[in-house]
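Encoded as structure tokens, the structure appears first; notes follow it.
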Amino acid sequence: MNATLAQNLVIVRILLAFLVVIVAGFWGLLSLFSDYPPHWSYARWVLYVLSGHVLAGFLIGMLLPLRWQLSIAAAWGAILIGVMGLVSLLRPNELDTAPPAPFLTRLASVLIVFAAPAAVALGGYAGSRVAIRWNRTTP
């Protein structure tokens with residue numbers, strides 16, 4: 001009976017981690033696709049988004065401490081937006097009549113491709129370390 005309960009808990013933890021991946025990915029997709037508040041700078045907005053990714057990675061690391069590397073999957077939304085930014089940086093649209101965005105803004109949208117997985121991995125590693133230490137100290 002105990003083995004069945006342990007297997008069910010593992011399944012629940014995997015499903016919760018999957019839910020965190022889906023929610024964090026959509027949150028990253030929507031937050032990077034939307035406009036940031038007018039009184040915030042672009043850097044503050046990116047830090048806000050990355051802090052949400054760190055939190056998502058931390059939760060996944062807590063749920064799956066031995067597989068914390070899977071937390072990188074939570075950055076799928078930010079990676080998608082970053083890839084779109086990379087395409088627009090490498091191939092600007094000649095027919096677009098709007099003034100082009102500043103180069104640093106376009107470059108920051110490309111750097112999110114690397115920053116979001118790094119933030120999620122950092123959170124996942126920290127969450128796994130906390131979960132493993134917590135399991136050692138609880139009877």
Roughly how many Å² is the accessible area per residue of the stretch 31-84, as a whole number, for a 1.4 Å probe?
-> 56
Where labels lie 7 Å past Cα in the beta-carbon direction, separation of H39 and N2 in nm | 5.7
Quick one: pull the percent of accessible area on the stretch 1-81 belonging to carbon and sulfur, 1.4 Å probe, ligands and nucleic acids left out.
-> 77
Gain on full stretching of the segment that runs from Y48 to F103 - 0.36 nm per residue minus C-alpha separation = 17.7 nm
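The values are calculated or read from the model by the stated rules, or taken from the named source; none is laboratory data. Predicted, not measured: the structure shown is a model, and the values here were computed from it. With ideal geometry, Cβ positions are generated from the backbone for all residues, glycine too; neighbour counts draw on all protein chains shown. Keep in mind that these areas ignore ligands, DNA and RNA; they rest on the heavy atoms of the full protein, side chains included. Shrake-Rupley method; radii C 1.70, N 1.55, O 1.52, S 1.80 Å.
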